[in-house]
1. When the residues of the stretch 132-178 are narrowed to those that are assigned to a loop (DSSP other than H, G, I, E, B) and aliphatic (A, V, I, L, M), which ends up least open to solvent (accessible area, probe 1.4 Å)?
2. Give the stretch 186-227 a look and list any residue that's among the aromatic types (Phe, Trp, Tyr) and open to solvent by 10 Å² or more (accessible area, probe 1.4 Å), or say none.
3. Select the helices (runs of 4 or more DSSP H) contained entirely in the stretch 228-335, then report the ones holding at least 2 residues which are free of Cβ contacts under 8 Å to residues at least 12 places away in the same chain.
4. Only one of 239, 328, 287, 231 is open to solvent by 50 Å² or more (accessible area, probe 1.4 Å), of a type in the set (Phe, Trp, Tyr) and closer than 30 Å to residue 184 by Cβ; which?
5. Determine which member of the set 245, 317 is open to solvent by less than 10 Å² (accessible area, probe 1.4 Å), small (Gly, Ala, Ser) and within 19 Å of the chain's Cα centre (by Cα).
6. Can you give me the number of residues within the stretch 447-485 that are under 28 Å from residue 303 (Cα atoms) and not in a strand (DSSP E or B)?
7. Can you find a residue that is surrounded by fewer than 21 Cβ atoms within 10 Å (Cβ to Cβ), among the hydrophobic types (A, V, I, L, M, F, W, C) and over 24 Å from residue 240 (Cβ atoms) anywhere in the stretch 343-359?
Amino acid sequence: MKFKDLIFYEIYPNSYLDTNGDGFGDLQGIISKLDYIQGLGFNAIWLNPIYTSPFKDGGYDVSDPYLVDKRFGTNDDLKELIEKMHQRNMVLFLDLVPGHVSIQEKTFLKSSENVPNEEYDTFIWNNNVWNYNPKYRFISGMFDRNGCYMVNFFAHQAAINYGFNEIDDPSYQIPYKEAKKGREYIEKIMKFYLDMGVDGFRCDMADSLVKNDPSKKATIWTWKKIREDLYKQGVKKFYMTSEWSNPHRSLQAGFDSDFVLDHHDNFSHHLFRQGENGFTAPLLVNYNSKLYEMFVKDVNKRLLASKRFKGQLSLISGNHDTWRIANYLNQEELKLAYLFLFTFPGVPYLYYGDEIGMHTDTSLPSFEGGFQRTGSRTPMRWDASLNAGFSTSEKTFLPTNKGDTTVEEEERDPSSLLNVIKELIALRKSHEEFTSYDFHFVDFPLGYKRKDILVLINLKDEEASYSVKGNILYKLGDARYENGECHLAKHAAIVIQEEK
């Protein structure tokens, strides 16, 4: 299967389905739902971290990168998931955490000893516990080694040493091309899972590897070197999506796609979430010509980079770090959002529960390092049974969102969000135009062409018309096509294949 044909479903494993009654989701729960996931049309899964962890950052603080955490199951369960997905011609991405490890990880603990050893340069340490440079995030006094260790953000996550581009303290900073220990550390982890059968990785904080690297030139070199090294070691072809949100840089680094993240200057934010910088609502709620111009400009800039470097964009419905878009959009607006998501160029990602319009519970206190993200990680709502079918436990990982619908309810309603998403994925798969680079806007807010397929979404409050000759492929809301003329009421949409 070509990478461009993939449609990803993101699963936060703590929250998907608990099969052993301990209150946490597990790998067997995911295996049991492969029929459901594939039935919606997804052919790929991105699995958030499943490695052994103290869970001070939701699993992104890895203490044993080679061992599945016992709350999720075993390495044999992971092998079973891979095998059963491959039997279905589905692709599995693991979440790679290349920038840092838990300070409980054994390699880091070896580096923290006060006697030089083979791991001394695997992580970034300065040369004196009193040498605190406020330019960097250093933690001092936690270990016997006479130095401070650097972190990317949280104090319990030590930064892996990929070296420095600009050296400002040669007493401890290594030039990036000489920082072999850090590269070897992450390459070994990647090879372990690729040899197991994993198809690729979503790469956390992909732009954060080399320090003092404002242009990211050294980080780009490092990622290319990592892939080159792995292929020299005989690993199979694999794919990677970057958490970078700068395709001009990430695709140069060799990533197959780059996320369009929830940043205030991103087009997805303008369309789905915008509520800052003087704008009170996203375009799907309230049309604003200035915001629309910003949206168009950013779309064109990112698509230009995607095409130039022969990679893909990955537009997301949301993820474990963002509030869900159902907190910003109503049910009809959500359907329009997914129409855009699945007819836009690139490799799309949908976060579990977004297919039924789950909301972020903004009232929840932080749990396992979730902070304001905690409420976006609540359990999947399957049916009307205990804990919405997530678990038989009296106490679950997080409480379920009792105001939200369930998969069972959505499946019974032909016009539900879940069934619309299922139809949109089928539409995408049945027309290769949607996986091409071909895209350009037309004079209609929001309108664009994918080769000979025209997509119109009326963002304005009044009815809008557009002249075209062709056949209706799909429509939402009050959309009519008569005598070569499309008539769309507010927030109606239509997909037309033009006559040749």
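The values are calculated or read from the model by the stated rules, or taken from the named source; none is laboratory data. Keep in mind the model is a prediction, meaning the values are calculated, not measured. With ideal geometry, Cβ positions are generated from the backbone for all residues, glycine too; neighbour counts draw on all protein chains shown. Heads up: the accessible areas ignore ligands, DNA and RNA and are worked out on the full protein's heavy atoms, side chains in. Shrake-Rupley method; radii C 1.70, N 1.55, O 1.52, S 1.80 Å.
1. Across the stretch 132-178, the extreme among qualifying residues is 174.
2. 192, 221, listed by residue number.
3. Result: 289-308.
4. 231
5. Matching residue, one of 245, 317: 317.
6. Total satisfying the criteria: 7.
7. No - not one qualifying residue is present in the stretch 343-359.
Conditions (1) modelled with pLDDT of 95 or more; (2) β-branched (Val, Ile, Thr); (3) over 21 Å from residue 367 (Cα atoms), marked per residue:
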residue	(1), (2), (3)
58	yes, no, no
62	yes, yes, no
66	yes, no, yes
83	yes, no, yes
93	yes, no, yes
101	yes, yes, no
119	yes, no, yes
